[in-house]
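Some notes on the structure that comes next.
Throughout, read-outs are computed from the coordinates displayed, never taken from laboratory work. Since the model is a prediction, treat every value here as computed from it, not as a measurement. Cβ sites come from the backbone with ideal geometry, for glycine too, and all protein chains shown count toward neighbours.
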Amino acid sequence: MTKPIEEAYTLAKQKYAAIGVDTDAVLEKLSQIKVSLQCWQGDDVLGFMFPDQALTGGISVSGNYPGKATTPAQLRADLDKALSLIPGNHKVNLHAIYVDTDEKIDLDQIEPKHYEKWVQWAKEKGLGLDFNPTCFSHPKSTDGTLSSNDPETQAFWIEHVKRSRKVAAYFGEELNQTCVNNIWIPDGYKDNPIDKMSPRVRLRDALDQCLEEKFDDAHMLDAVEGKLFGIGAESFTTGSNDFYLSYALTRDILWTIDAGHFHPTEDVSDKFTAFLPFGKGLMLHVSRPIRWDSDHVVILDEATTRIGETLVRNDLLDKTFIGMDFFDATINRVAAMVIGARSTLKSLLLGMLSPIETLKDAESTGDFTTRLAVTEEMKSYPFGAVWEFYCQQQNVPAGTEWLTEVKDYEQKILTERK
Ligand code: RNT
Ligand code: ZN
C-alpha cells in the first residue's frame, strides 16, 4: 500500500463519513459485484469456429490494431492480463463461436465438451462464465435466423439455441454460479416490410421451442436482447426492444438491456425500474452508442454514471447481471477491456458514494432543493481517492500505471503475433 494513496483515502473517508457514507462498507459492497467481460473484444468478434467468416449481422468492428487473439489460448492470456488490471472478481462472457476443440463442428452441433477448456480455466482463476448463442456471421444467417420463413433455416437456429442453453447450464453447474444465456439475433429488413407480424410470431414460437427444456435457475438463466436497428436492418428489427420486453415478461426470463440499443435521447437506466416491478431480472450490456454504432468502449460518461447510480440507489444489484458489450480494434484490445470494466465499476462506486438515505428523505419530504444541491456537490467529492485505494486493496494498479503493464504486454506478447 503506497502512503499517498492511503493518506488520501483517510481524508476522503472522513469527508464521506461527515455526510453519512461509510467508505469501507462501500468498498466491501463493490468487491461483491461481478462484471462480465465480453471475450469478443479480444478478437474483433471472429471466434474460433469459422475464423475466416466475415462479421455479419449488422454489427461492425473498425480498426486493425496489431495483436488480436487468434487462438483460445491467446484469448485467455489476454483476458488474464485484462482481469489482472481490473479490481474485483469477475466473469467472462463467451459466444458459441469461441469453441476450444480440434473437432470441425457447426453451430447446431455444439456440446459442453467443446468448451471444457474454458471451464477448466475459469475454475483455475475463480471466474464465472456467461454464454451467447451466435446467430450471425454464418452462411445460414443471411436471411433471418430464428424468425426465418425457411423452416430448415429456422430449425438450424432453434437447435443452436437449444444447445447453447445446455452449454450455459453446464457452465453454471461446473462453476457453481448462474450463467446467463443471452439470445440476440440480427433478423430484420433494410426497407419497410409489408408484413410486420409474421416474422415476430415466428420468432415468438421459435423462442418458445428453444426454451422448452427446463434448467435450474441457480445454474442457467435465459435472457433476450432487443435492438433498435442494425446496419442493413434500418427499417425493421424483428427482435425489437418492445418485442423482447413483452417476451421476457410473459416467459419470466431476463431482459437484456444493451445501452447502445435505444434512441439516443432515451435514458437507458430509467428502464430498469420500469421492468423490475414485473420482471424476473435484467442482464445489462453496458456499452456506448455513438451515432450509428452501439458498441464503443465504455467510458465514465453521464449515461454510464446513471446506470451505476440507478442500480445502487434502487437496490437492483441482486436482480441485475452486469455485462459489457463493445468491440474496438483501433486501440489495444486488452486496454479496451480494462478501460471499459474500470469505468463500469467506477459508475457503481460513484453510485455508492452518495448519501442515499439523506437524499431519499429529502425527496420524500419534498425538499428538492437539498436533493439537487447535494447531488451536485457530490460530483466534486474525492471519489478518485476512494477508487485508488480500492485498486490497491484489490492488488491492481491504481492510476494510469495499468497502462504501463498493457504496453509491456503489447511489446512482449501482442507484437509477436502475426
Ligand atoms: C448486437 C448485440 C449483441 C452483440 C454481441 C456480440 O447488437 O449487442 O449483444 O454485440 O452478442
Ligand atoms: Zn449487446
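For the range 308-412, the list of trypsin sites (Lys or Arg not before Pro) that fall in a loop by DSSP and count at most 16 other C-beta atoms within 10 angstrom reads K379. Note on the range 229-370: Kirkwood radius taken over Cα pairs, Stokes-Einstein applied at 37 °C and 0.692 mPa s, translational D equal to 201 µm² s⁻¹.
Annotation: extensible slack from T404 through S380 equals 5.9 nm (criterion: 0.36 nm per residue apart, minus Cα-Cα distance). Lysine pairs in the range 200-340 whose alpha-carbon atoms fall under 15 angstrom of each other, counting only those eight or more residues apart or on distinct chains, come to 4. For the chain, the share of DSSP beta bridges that are antiparallel, to the nearest 5, is 15%. Using alpha carbons only, the radius of gyration of the chain set against its Kirkwood radius gives Rg/Rh = 0.97. Computed from Cα positions, the angle between helix 333-352 and the longest principal axis of the chain comes to roughly 50 degrees. What range in the chain is the longest one free of chymotrypsin sites (Phe, Trp or Tyr not before Pro) that are in a loop by DSSP and have at most 15 other Cβ atoms within 10 angstrom? Between exposed loop sites, the widest span is 1-277. Distant-in-sequence amide contacts of F236, defined by a placed amide H-H separation under 5 Å and a gap of 5 or more residues or a different chain, comprise Y189.
Computed from the C-beta positions of E103 and E302, the FRET efficiency with R₀ = 35 Å rounds to 0.15.
For the pair K15 and D242 in one chain, pulling the backbone fully straight at 0.36 nm per residue adds 77.3 nm over the alpha carbon distance. Here the 3J(HN,Hα) profile of the range 206-219, calculated from phi with Karplus coefficients 6.51, -1.76 and 1.60 at θ = phi - 60°, is 5, 4, 4, 5, 4, 8, 4, 6, 9, 10, 6, 3, 5, 10 Hz, Gly and Pro shown as x.
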